[in-house]
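The values are calculated or read from the model by the stated rules, or taken from the named source; none is laboratory data. Keep in mind the model is a prediction, meaning the values are calculated, not measured. As a convention, Cβ positions derive from the backbone with ideal geometry for all residues, glycine included, and neighbour counts pool all protein chains shown.
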Amino acid sequence: MPGYERPTIESIEVRSVLDENPDLSFYGEYGGSCTTNNCIDRQERGERLRGEYRFFNPATEYGELDYERMEDYNKNEWQMVGIYAVAEIRMPSGTVQTIRSGGLWGIESDSEDSYFNEVANEELDQLKDELKALGFTDAQIAAVEVDKSDLDAYQTHPYPSRRSSRGAAELAEIERRQSRRKSALANVKVAPHYKRHG
């Protein structure tokens, strides 16, 4: 009698994807009217192009910093990305099942390397829990080399390093915002995803 053939883990990979429609309202919003006491008149500055909104209404008291950040985004100097981990499992029938961690979106592409790696490791931990729930052992999971080559696909230079001319207060504000954003993102839990394909 032939032995029972078990499913095998074909690959484990960390992927990053572009968030094409992010919510950037925490920096501020463009509009046809001035709605904040520190709004920026882009037409007065000669920075408004045809078809663009005249005003930028910052979300915080650091209006110039908010505006510069949004303008940099519009120039593709940085982007919003998502990170998730995915495993492909080959079933005895030959069918390949894809299992994916919930993923984390809203990551600024110019975050530090350490943050990208922190998120990647958290997504891998979630994925490993899912694999163990399917009956795979720690040894079986550890035997598969994790491919992280896609992790920095959309990563850009860290924000503070491009702002060497900034004063201490503004750099401290940048750090505070990044820390606040990381804390907010850490509370976002997304369920893992399963997909079969033959």
**Complete:** By residue number, the members of the stretch 107-136 that are touching a residue at least 40 places away in the same chain (Cβ under 8 Å) and under 13 Å from Val86 (Cα atoms) are Ala120, Glu123, Leu124, Gln126, Leu127, Glu130, Leu131
**Asked** Do you know which of the residues in the stretch 41-65 that are aliphatic (A, V, I, L, M) and within 18 Å of Lys75 (Cα to Cα) is modelled with the lowest pLDDT?
**Response** Leu65
**Message:** Looking at the structure I just gave you, is Tyr27 touching a residue at least 40 places away in the same chain (Cβ under 8 Å), surrounded by 12 or more Cβ atoms within 10 Å (Cβ to Cβ), of a type outside the set (Val, Ile, Thr) and farther than 30 Å from Ala142 by Cβ?
**Reply:** yes
**Prompt:** Do we find a residue being of a type in the set (D, E, K, R), more than 17 Å from Glu108 (Cα to Cα), touching a Lys or Arg at 6+ places or on another chain (Cβ under 6 Å) and in the same structural domain as Lys128 (by TED's automatic domain parsing) anywhere in the stretch 5-25?
**Reply:** yes
**Message:** Could you list, ordered by first residue, the pairs with Cβ atoms under 8 Å in which the first is in the stretch 91-106 and at positive phi and the second is part of a loop (DSSP other than H, G, I, E, B), at least 6 apart or interchain?
**Reply:** Gly94/Gly198; Gly103/Val190; Gly106/Asp19; Gly106/Pro22; Gly106/Asp23; Gly106/Val188
**Answer residue from the stretch 30-58, given it is assigned to a loop (DSSP other than H, G, I, E, B) and among the hydroxyl-bearing types (Ser, Thr, Tyr) and is surrounded by the most Cβ atoms within 10 Å (Cβ to Cβ) among those** = Thr36
**Prompt:** Would you say Asp23 is within 30 Å of Ile89 (Cα to Cα) and out of contact with any helix residue (DSSP H, G or I) (no Cβ under 8 Å at 6 or more places or on another chain)?
**Reply:** no
**Request:** Restrict the check to the stretch 66-76 and report whether at least one residue is touching a strand residue (DSSP E or B) at 6+ places or on another chain (Cβ under 7 Å), acidic (Asp, Glu) and crowded, with 19+ Cβ neighbours inside 10 Å.
**Result:** yes
